[in-house]
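Worksheet: one structure, shown below.
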Amino acid sequence: MVYARYCLKEKKTCVRWVERYFDDCLCNLNDEVSFALGIVSLICWGVAEIPQIITNFRTKSSHGVSLSFLLAWVAGDIFNLIGCLLEPATLPTQFYTALLYTVSTVVLVIQTIYYDYIYRLCTHGRTKICQKDEEDEEKKPLNPPKTMGSAISIPGESYKASPRKEFYYTSARSLAGSGTPPLRTSYFRVAKSGPSAMTIDSGSSSDEDETMSTLPVVTAKTITQPRPIPRQAGFGTFLAASVSLPLQAKSLAEKYAHASSRRLLNERIVEHSALGQWLGWLMAAIYMGGRIPQIWLNIKRGSVEGLNPLMFIFALVANATYVGSILVRTIEWDSIKANLPWLLDAIVCVLLDLFVSFKTIYTAPIKF
Ligand SMILES: NC(=[NH2+])NCCC[C@H](N)C(=O)O
């Protein structure tokens, strides 16, 4: 094993648990300090987004944090993960840190979308509709009686023979058609309901009755033209990709173990990956640019209310220790060069976070 040889050269044996669980070899003080810094970075990233998640939960809103900033994080995270897998000069703690913050950011993104779109719509004038639709959906028999269909008639109005001329509250399905997701309905369902709703209108009058007994009442006015795929479908796809990411973690980790088996970092004979480097630079550009929407949002609102400063403080410490973990391990140009995108990104983010944190602390007291 490469590391064993390296450790033999250093007249030391590797730290077993580190070798076993992190696939890393610590044979001198530099290695140990580098690993410790990497672990501090990992822990800081592990907790960094929790304060913001709690703030959002408490305020039932995510207005303080920019969704574009979070989406940029997730996009950067994907390139980061693949870049770490491909570039042998990156440390194992870099990969595990990337895995950890990808998961926590996906949670924060889901929460942000929920409070920004679903929760807000349902609490602003549509609460009753959402709740009623929800209840109705749950109570509705699979094959409802012909007379009632699945629409919700206005209370007090008697049901007439011609259901099409009746007035109804907007049903959950037509809400989906209008691009407004009903409460606790996933974006996947919204996206799915679009095409199926389009087909309803095409039926002839003879089979309409049949259709009406099993499907919600959809008048020609509600859906006449094929509609473009709703914007939420894009979110659905994005979420599907994001959520499936942790599921692939095992195979990624296996691939990582494979990649690091050819890692000769400690012996300074490193086979660099051009693709890994490209992905690293792409990641750095996305991460650095990703701060702009957040800073812009703060400036536009003239306040940082709703934004938990602890997130940026933890990110700051995490980025600083991340840089430390790389530099303490080795300052040989070959290794620094290969790690340049990761180093540059973390340094620039430290500077940007100093700006955001100081502004946040200056304008608002820390609330947890
Ligand atoms: N999802 C995340 N938290 N990703 C970490 C991003 C790391 C990057 N250096 C930054 O601070 O922007």
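The values are calculated or read from the model by the stated rules, or taken from the named source; none is laboratory data. It should be emphasised that the depicted structure is a prediction, and the values quoted were computed from it without experimental measurement. Cβ atoms come from the backbone with ideal geometry, glycine included; neighbour counts cover every protein chain shown. Heads up: the accessible areas ignore ligands, DNA and RNA and are worked out on the full protein's heavy atoms, side chains in. Shrake-Rupley method; radii C 1.70, N 1.55, O 1.52, S 1.80 Å.
Within segment 86-107, can you find the residues that are open to solvent by less than 10 Å² (accessible area, probe 1.4 Å), in contact (Cβ under 8 Å) with a residue 24 or more places away in the chain and of a type in the set (A, V, I, L, M, F, W, C)? Talk me through it step by step, then tell me what you get.
Quick first cut of segment 86-107, residues open to solvent by less than 10 Å² (accessible area, probe 1.4 Å) only: 87-95, 97-98, 102, 105.
Subset that is in contact (Cβ under 8 Å) with a residue 24 or more places away in the chain: 87-95, 97, 102, 105.
The answer is 89, 91, 95.
Could you list, in sequence order, the residues of segment 304-337 that are open to solvent by less than 30 Å² (accessible area, probe 1.4 Å) and farther than 28 Å from residue 276 by Cβ? Even if it seems obvious, please write down each step before you answer.
Filtering segment 304-337 for residues open to solvent by less than 30 Å² (accessible area, probe 1.4 Å) gives 304, 306-309, 311-312, 315, 318-319, 321-326, 329-330, 335-336.
Result: 304, 306, 307, 308, 309, 311, 312.
Restricting to segment 308-346, give me the number of residues that are assigned to a loop (DSSP other than H, G, I, E, B), more than 15 Å from the ligand (Cβ to nearest atom) and touching a helix residue (DSSP H, G or I) at 6+ places or on another chain (Cβ under 9 Å). Spell out how you get there, then give the answer.
Here is the first cut: in segment 308-346, the residues assigned to a loop (DSSP other than H, G, I, E, B) are 308, 330-332, 339.
If we keep only those that are more than 15 Å from the ligand (Cβ to nearest atom) as well, we get 330-332.
Among the residues that remain, those that are also touching a helix residue (DSSP H, G or I) at 6+ places or on another chain (Cβ under 9 Å) are: 330.
Residues in segment 308-346 being assigned to a loop (DSSP other than H, G, I, E, B), more than 15 Å from the ligand (Cβ to nearest atom) and touching a helix residue (DSSP H, G or I) at 6+ places or on another chain (Cβ under 9 Å): 1 in total.
Out of everything in segment 286-303 that is within 11 Å of the ligand (Cβ to nearest atom) and open to solvent by 40 Å² or more (accessible area, probe 1.4 Å), what residue ends up being farthest from residue 73 (Cα to Cα)?
So, considering only residues that are within 11 Å of the ligand (Cβ to nearest atom) and open to solvent by 40 Å² or more (accessible area, probe 1.4 Å), the one farthest from residue 73 (Cα to Cα) is 288.
Of all residues being more than 10 Å from the ligand (Cβ to nearest atom) and small (Gly, Ala, Ser) in segment 47-80, which is most open to solvent (accessible area, probe 1.4 Å)? Just the residue, please.
My answer is 68.
Looking at (1) in contact with a Ser or Thr (Cβ under 8 Å, 6 or more places away or on another chain); (2) within 11 Å of the ligand (Cβ to nearest atom); (3) of a type in the set (Gly, Ala, Ser), which one does residue 89 not meet, given that it meets all the others?
For residue 89, the exception is condition (2).
Which numbered condition trips up residue 110, out of (1) open to solvent by 60 Å² or more (accessible area, probe 1.4 Å); (2) within 11 Å of the ligand (Cβ to nearest atom)?
Only one criterion in (1) open to solvent by 60 Å² or more (accessible area, probe 1.4 Å); (2) within 11 Å of the ligand (Cβ to nearest atom) is unmet by residue 110, namely (2).
Looking at (1) part of a helix (DSSP H, G or I); (2) farther than 15 Å from residue 342 by Cβ; (3) in contact with a Lys or Arg (Cβ under 9 Å, 6 or more places away or on another chain); (4) modelled with pLDDT under 95, which is the only condition residue 32 fails?
(3)
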